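The values are calculated or read from the model by the stated rules, or taken from the named source; none is laboratory data. No experiment lies behind these values; they were computed from the predicted model shown. Note that we place each Cβ from the backbone using ideal geometry, even for glycine, and neighbour counts take in every protein chain shown.
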Amino acid sequence: MGQNLYHYDQVESTQQIVHEMAKQGMPHGTVVVADEQVRGKGRMARNWHSPKGKGIWMSILLRPNLPPIQAPQLTLMAATVLAKMISEESDLKPQIKWPNDLLVHHKKVSGILTEMQAEHDQIQYVVLGIGMNVNQDLSEIQQEISHKASSLKIESGSHWSIPKTIQSILRQFEITYDQYVKEGFQQVKKEWERYGYKIGEEVTISTMKKTWEATLIGIEPDGALKARDRSGNEEKLYSAEIHWGE
Ligand code: BTN
């Protein structure tokens, strides 16, 4: 992973570049990194602020031999990769907020955006985007989100080398991906749950239809979050917001 790494100073979005590369037939493991994105994309059509030299703005091309239904497993796998990297490189205790936000001290430092192209019930390719706030100072975090977003530097108190951190992510990615391909989702699930935020705890869950209190139990092989309400009913959630302490 990363033998085929393209570095750009400024791009609209590394996702868009990797989609184009995928269509041109570039191989599995191709990586695009940019110092700055002027139109970084987050989940749910949100913008992803990607200021120059302050973070990791990277997309990885994957060509897994999987049915589309298993694509969420790749996102969960990538979240464990980032959690393991942060644990290995610092004293921080990262947590994963379902489905794939990386939190440190309850604040988001990184997010993952997985986009898939599938045909005839087979994944053609996946573009897995990783955005990680690395060296922003407190004053550089957008004010509207500063209560819930942070950077590795703010939380650890020290500057991180971006090239070294990219190398650590790619090394960890390769190990975890190979293990996932050989052994399946079970190990990823175990690790995800180890880092899982609020797993075993009661939170407030909101969907389009309702809001209720439930205990988070863990994740399902299809990437769903399992929760148990106060009457003991279990539910699988595919799209929901989790709140706590409000
Ligand atoms: C999220 O909403 O939490 C996901 C954010 C993903 C951002 C990354 S930065 C690299 C890649 N390029 C993009 O435009 N988005 C992803």
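Within the bounds of region 43-57, is there any residue that is under 17 Å from the mean Cα position of the chain (by Cα), of a type in the set (D, E, K, R) and either in the same structural domain as LYS164 (by TED's automatic domain parsing) or more than 23 Å from PRO99 (Cα to Cα) (or both)?
Yes, some residue in region 43-57 is under 17 Å from the mean Cα position of the chain (by Cα), of a type in the set (D, E, K, R) and either in the same structural domain as LYS164 (by TED's automatic domain parsing) or more than 23 Å from PRO99 (Cα to Cα) (or both).
ILE154 versus (1) more than 16 Å from the chain's Cα centre (by Cα); (2) closer than 23 Å to GLY129 by Cα; (3) at pLDDT below 95; (4) not basic (Lys, Arg): which is the lone unmet condition?
Of everything listed in (1) more than 16 Å from the chain's Cα centre (by Cα); (2) closer than 23 Å to GLY129 by Cα; (3) at pLDDT below 95; (4) not basic (Lys, Arg), ILE154 misses just condition (3).
So if I check each of GLU191, GLU234, GLU202, which one is of a type in the set (Asp, Glu) and more than 27 Å from SER87 (Cα to Cα)?
GLU234
Just checking, does region 6-16 include any residue being surrounded by 21 or more Cβ atoms within 10 Å (Cβ to Cβ), under 18 Å from MET132 (Cβ atoms) and away from the ligand (no atom under 12 Å from the Cβ)?
Within region 6-16, none of the residues are surrounded by 21 or more Cβ atoms within 10 Å (Cβ to Cβ), under 18 Å from MET132 (Cβ atoms) and away from the ligand (no atom under 12 Å from the Cβ).
In this structure, does SER156 turn out to be surrounded by fewer than 20 Cβ atoms within 10 Å (Cβ to Cβ) and in contact (Cβ under 8 Å) with a residue 40 or more places away in the chain?
Considered against the rule, which asks whether it is surrounded by fewer than 20 Cβ atoms within 10 Å (Cβ to Cβ) and in contact (Cβ under 8 Å) with a residue 40 or more places away in the chain, SER156 comes out as yes.
Of the residues LEU66, LEU113, only one is at pLDDT 95 or above and either surrounded by fewer than 20 Cβ atoms within 10 Å (Cβ to Cβ) or assigned by TED's automatic domain parsing to the domain that holds LYS182 (or both); which?
Residue meeting the stated conditions: LEU113.
Report, by residue number, each residue of region 216-231 that is closer than 25 Å to LEU82 by Cα and of a type outside the set (Asp, Glu).
Matches in region 216-231: LEU216, ILE217, GLY218, ILE219, PRO221, GLY223, ALA224, LEU225, LYS226, ALA227.
Taking THR215 and the conditions (1) assigned by TED's automatic domain parsing to the domain that holds ILE69; (2) surrounded by 12 or more Cβ atoms within 10 Å (Cβ to Cβ), which numbered condition does it fall short on, given that it satisfies the others?
Condition not satisfied by THR215: (1).
Give the residues of region 18-38 that are out of contact with any strand residue (DSSP E or B) (no Cβ under 6 Å at 6 or more places or on another chain) and closer than 22 Å to GLU140 by Cβ, sorted by residue number.
Across region 18-38, the qualifying residue is only VAL38.
(1) assigned to a loop (DSSP other than H, G, I, E, B); (2) more than 18 Å from the chain's Cα centre (by Cα); (3) more than 13 Å from the ligand (Cβ to nearest atom): which one isn't true of MET1, the others all being true?
(2)
Within region 21-38, take every residue that is charged (D, E, K, R) and within 13 Å of the ligand (Cβ to nearest atom) and give me the one that is nearest to GLN172 (Cα to Cα).
The residue in question is ASP35.
If a residue has to be under 14 Å from the mean Cα position of the chain (by Cα) and among the acidic types (Asp, Glu) to count, how many in region 81-125 make the cut?
Within region 81-125, residues that are under 14 Å from the mean Cα position of the chain (by Cα) and among the acidic types (Asp, Glu) number 2.
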